[in-house]
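Here is the structure we will look at.
The values are calculated or read from the model by the stated rules, or taken from the named source; none is laboratory data. Being a predicted model, the structure only gives us computed values, none of them experimental. Here the Cβ is made from the backbone with ideal geometry for all residues, glycine too, and neighbour counts use every protein chain on show. In case anyone asks, the SASA skips ligands and DNA or RNA and just uses the protein heavy atoms, side chains included. Shrake-Rupley method; radii C 1.70, N 1.55, O 1.52, S 1.80 Å.
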Amino acid sequence: MKVTLDGTVLAESNDTIVIENNHYFPPSSVKQELFSDSNTSSKCPWKGTAAYYNAQVDGKTINDIAWYYPQPLEKAQSIAGYVAFYKNKVQIEA
């Protein structure tokens, strides 16, 4: 799976985990240099508290482009630190 924004690769991996129709990418597959922490957070009753990333590509900042669970609840331990992307903000291809 590959995630791009305006032709720039944000993440690429053959080892994503699919939960609720979202591909969660391993942290090592995400180009961390393109991201900064967002102040946004949200809560899922079974995954826990999500943190968000903003992305900077070609001089543009896209807020809250991706999310991850730094300390997920027990049932979501398999995606600890894995990053998922908003499909309406990026291109995701197999």
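Among E12, E74, E20, the largest mean-square fluctuation in a Gaussian network model of the chain, built with springs joining Cα atoms closer than 10 Å, belongs to E20. Largest accessible area first, the listed residues W67, W46 line up as W46, W67 when surface is computed with a 1.4 Å probe on the assembled protein chains. Shown for the chain: lysine pairs separated by 8 or more places, or found on different chains, whose C-alpha atoms are under 25 Å apart, numbering 19.
Between G59, G81, G48, the Gaussian network model of the chain with springs among Cα atoms under 10 angstrom shows the greatest mean-square fluctuation at G59. If you roll a 1.4 Å probe over the chain with all protein chains in place, what percent of the accessible area is carbon or sulfur? Summing carbon and sulfur atoms, their accessible area is 45 percent of the total for the chain.
Rounded to the nearest 0.05, what FRET efficiency do S36 and K87 have when you use their Cβ-Cβ distance and R0 = 25 Å?
Numbers: r = 21 Å, r/R0 = 0.84.
Using R0 = 25 Å, I get an efficiency of 0.75.
Taking every protein chain into account, the accessible area of the range 13-94 amounts to 59 square angstrom per residue (probe 1.4 Å).
If you take the alpha carbon radius of gyration of the chain and divide it by 2.2 N^0.38 Å, what ratio comes out, to two decimals?
Values: Rg = 12.4 Å, N = 94, 2.2 N^0.38 = 12.4 Å.
Cα Rg divided by the expected 2.2 N^0.38 Å: 1.01.
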